[in-house]
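Working notes, beginning with the structure itself.
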Amino acid sequence: MITAKRTLVAARDYLIFLMSQSDSMLSVWQAAIAGEPVIVHNTKLQPSFWIVPVERDGKVLGQIDISPDSRVLGHSYMYHDPNDLSTCPSSVTRISAPEVLKLADQILKIIETLGLPARYSFTTVHTTDWRGCLKFG
């Protein structure tokens, strides 16, 4: 698995390549930067690939996916229309660690009303790197 630093280099290089393309969906990426890479784990909690947010003005416009061996897997947008960025989140994970905790508390309260025992564990490195687990019984 490549490091976050190498991932960021690969994403920046790809962002430069994308800026040379004439694609109207990419027009808003002109002033954007590659943000902090986030590693994605598979269901066995093994590192699978990296996502690098493409950020501008506090919003995530899209992401670039990077493989464990630094190949670009592709990119995606967080909007349907480059003239309307209102749907763009502030985090590439689309939800922050505090929002996850709040949602988990709400879910546990609903489960408790059903009389089912449940608990959750939650770990966080920073607001965009978190992992949660909800267990019953």
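Every number here is computed from the coordinates shown, using simple stated rules; none is lab data. Nothing here was measured: the structure is a model prediction, and the numbers come from that model. Every residue, glycine as well, gets a Cβ built from its backbone with ideal geometry; the counts of neighbours run over all protein chains shown.
Overview of results
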| quantity | calculated |
| --- | --- |
| Spatially proximal aspartates and glutamates relative to LYS5 (Cα-Cα < 19 Å; intrachain offsets below 8 disregarded) | ASP13, GLU36, GLU55, ASP65, ASP69, ASP129 |
| The stretch 84-104 and the stretch 1-62: distance between their alpha carbon centers, rounded to Å | 17 |
| Exposure proxy order (Cβ contacts within 10 Å, fewest to most) of HIS75, HIS41, HIS80 | HIS80, HIS41, HIS75 |
| Hz values of 3J(HN,Hα) by residue in the stretch 71-78 - Karplus curve (6.51, -1.76, 1.60), Gly and Pro given as x | 7, 7, 8, x, 9, 8, 10, 9 |
| Global form of the stretch 4-77, assessed from the alpha-carbon gyration tensor, a/c cut-off 1.5 | prolate |
| Simple label model, 7 Å out from Cα along Cβ direction - MET1 to HIS41, nm | 0.8 |
| Cα-based Rg / Dmax (Å) for the stretch 1-129 | 17.3, 58 |
| Dipole of the chain, positive direction: furthest Cα of ALA4, GLY115, GLN46, with charges on the beta-carbon | GLY115 |
